[in-house]
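K.L.:
Sharing a structure with you now.
Only the coordinates and a few stated rules stand behind these numbers; no lab work does. Model, not experiment: these values are computed from the prediction. Backbone-built Cβ (ideal geometry, glycine too); neighbour counts: all protein chains shown.
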Amino acid sequence: MAKPIWIKHITQLATLASEVKGPRSKEAMSELGLIEDGSIWLEDGVILAVGTTKELEETYSARAGEAEIVDGTGHLVTPGLVDPHTHVVYGGSREREFEMRLEGATYMDIMNAGGGIHATTRMTREASEEELIDQTTRRLDSFLKHGVTTVEGKSGYGMNLETELKQLRVMKKLQESHPIDLVPTFMGAHAVPPDFKGREDEFVDHLIEEMLPIIAEEKLAEFNDVFCEKGVYTPEQSERILEAGKRFGLTPKIHADEIEPYGGAELAAKVGAISAEHLLKASDEGIKAMAKSGTIACLLPATALYLREQAAAGRKMIDEGVAVAISTDCNPGSSPTTSMPLVMNLACISMRLTPAESLTAATYNAACAINRQEKVGSLEVGKQADIVLWNVKSYQELQYLFGVNHVKSVWKNGVQVV
């Protein structure tokens, strides 16, 4: 039986505990549950006590000899970071496209020329399950080193039943073997397969009638996502796919309004999506609709930076009452990164989130975006002991020191993994 762990004398402990339950918006996104000279006792993978060091000494001093003592002096401690939007399972890489974009090609130019999603689809179809497990394991290891302990992963680089199932089965195996919690999303509607070009409605029928039933039967996904964008899936087609997924027990997510305003945010609110992703071009009406529906805005500032686009209006969304989460969007074409610390920096710099809001967006709200807030996203009694010890003294310093990985130690389910 593993020894208890007592992290004590933490200079700043950001618990993210709050009286607000559910996704946090407006002022609640700045509530970090800060404790100075903080202390955490964890045992059997679960947090048993959180408070000041003085408070925990009154309860646990008699058991100090049983525990592994970790000195938090001079350090910030936060919950493990949560990444609620990734495409982490894929084959190959696309570094040539980076040069193409610098030479002036757009995202859609590259995709229409057979690159982009279609290039990764070819490489993912060709990769064996073992090769995908090996490549994805390296990415997940990198996530851990950057303080991320829970990751959502989407399929979508198959766009045929065989490869979509392969991606989701890889996630299921990695969930069982890797320390990171991997949350699966089915995204068969990531693009229109070339052999269905001009017959998009037929592919929608195929996805609904052939793919979704098997995904549901094998319990391979919790969420159902679609790329609602001009030239990909229309709002009407997207709604059909998302509503069909709901009938199979899959919660809707939606890639919305990334390239131009297309009614994606409004559709997210209409279908009751747990989150809408990207939202670089979301309309004012769509933002208001999401605030009313409680749909979380999952914003991806590293993707905007990589594509040299203006970031989503994160500041406006929070002020309008939308709960905001942030993510790496880890993928081979538009955001090949696993650094959530960088994403938190960019959320402040490019979207004008405050340091407190950025931390909330990367922990508690991110957990809400994948329905994991009862287990992770905050440091509270009874939750999983997913904890990061940082080589900085405060959350302000974490966001201020740009582009540097400040992780010192990571515990996942109470086990030190970094």
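K.L.:
Rank these for me by crowding, TRP41, TRP6, going from fewest to most other beta carbons within 10 Å.
P.N.:
Going from least to most buried by this count: TRP41, TRP6.
K.L.:
In 10 Å bins starting at 0, how do the alpha-carbon pair distances of the stretch 127-246 split up by percent?
P.N.:
Calculated P(r), rounded to whole percents: 13, 43, 29, 14, 1.
K.L.:
How long is the stretch 261-418 along each principal axis, judged by its Cα atoms, biggest number first, in Å?
P.N.:
Ordered largest first, the stretch 261-418 gives principal extents of 44, 36, 29 Å.
K.L.:
Search the structure for amide H atoms under 5 Å from the amide H of ALA191, placed 1.01 Å from N in the peptide plane, and list their residues when 5 or more places away or on another chain.
P.N.:
Result for ALA191 returns nothing.
K.L.:
If you don't mind, there's one more thing I want to ask. Give the angle, between 0 and 90 degrees and rounded to the nearest 10, that separates the Cα long axis of helix 235-247 from the longest principal axis of the Cα atoms of the chain.
P.N.:
The helix 235-247 is inclined about 60 degrees to the chain.
K.L.:
Report the charge-dipole magnitude of the chain in Debye, nearest 20, computed about the Cα centre from +1 at each Lys and Arg Cβ and -1 at each Asp and Glu Cβ.
P.N.:
That gives a dipole near 500 debye.
K.L.:
Now for a different question. Determine the shape class of the stretch 208-307: with a ≥ b ≥ c the square roots of the Cα gyration tensor eigenvalues, call it rounded for a/c under 1.5, and otherwise prolate if a/b is greater than b/c, oblate otherwise.
P.N.:
In terms of gyration-tensor shape, prolate.
K.L.:
Next question, about the same structure. Please determine, in degrees from 0 to 90 and to the nearest 10, the orientation of helix 161-177 with respect to the longest principal axis defined by the Cα atoms of the chain, where the helix direction is its Cα long axis.
P.N.:
10
K.L.:
For the stretch 289-369, which trypsin sites (Lys or Arg not before Pro) are both in a DSSP coil and crowded by at most 12 other Cβ atoms within 10 Å?
P.N.:
ARG308
K.L.:
Which angle from 0 to 90°, rounded to the nearest 10, does the C-alpha axis of helix 340-351 make with the longest principal axis of the chain?
P.N.:
With rounding to tens, the tilt is 70 degrees.
K.L.:
Over the Cα atoms of the chain, Rg to Rh with Kirkwood Rh, two decimal places?
P.N.:
Dividing the radius of gyration by the Kirkwood radius yields 0.98.
K.L.:
Can you classify the stretch 213-260 as rounded, prolate or oblate using the Cα gyration tensor, where a ≥ b ≥ c are the square roots of its eigenvalues, rounded means a/c under 1.5, and otherwise it's prolate if a/b beats b/c and oblate if not? It would help to have the intermediate numbers written out before the result.
P.N.:
Numbers: a/c = 2.80, a/b = 2.24, b/c = 1.25.
The shape class here is prolate.
K.L.:
With unit charges on the beta carbons (Lys and Arg positive, Asp and Glu negative) and the dipole taken about the Cα centre of the stretch 220-369, which residue among ALA311, THR337, ALA356 sits farthest to the positive side?
P.N.:
Among ALA311, THR337, ALA356, the one farthest towards the positive end of the dipole of the stretch 220-369 is ALA356.
K.L.:
At q = 0.13, 0.14, 0.23 Å⁻¹, what log₁₀ I(q)/I(0) does the stretch 373-418 have when each alpha carbon counts as one equal point scatterer in the Debye sum?
P.N.:
Once normalised to I(0) and log-transformed, intensities are -0.35, -0.40, -0.87.
K.L.:
Can you give the calculated 222 nm mean residue ellipticity of the chain, where each DSSP H run of n ≥ 4 adds -39,500 (n - 2.57) and the sum is split over every residue, rounded to the nearest 500 deg cm²/dmol?
P.N.:
Computed ellipticity for the chain at 222 nm equals -10500 deg cm²/dmol.
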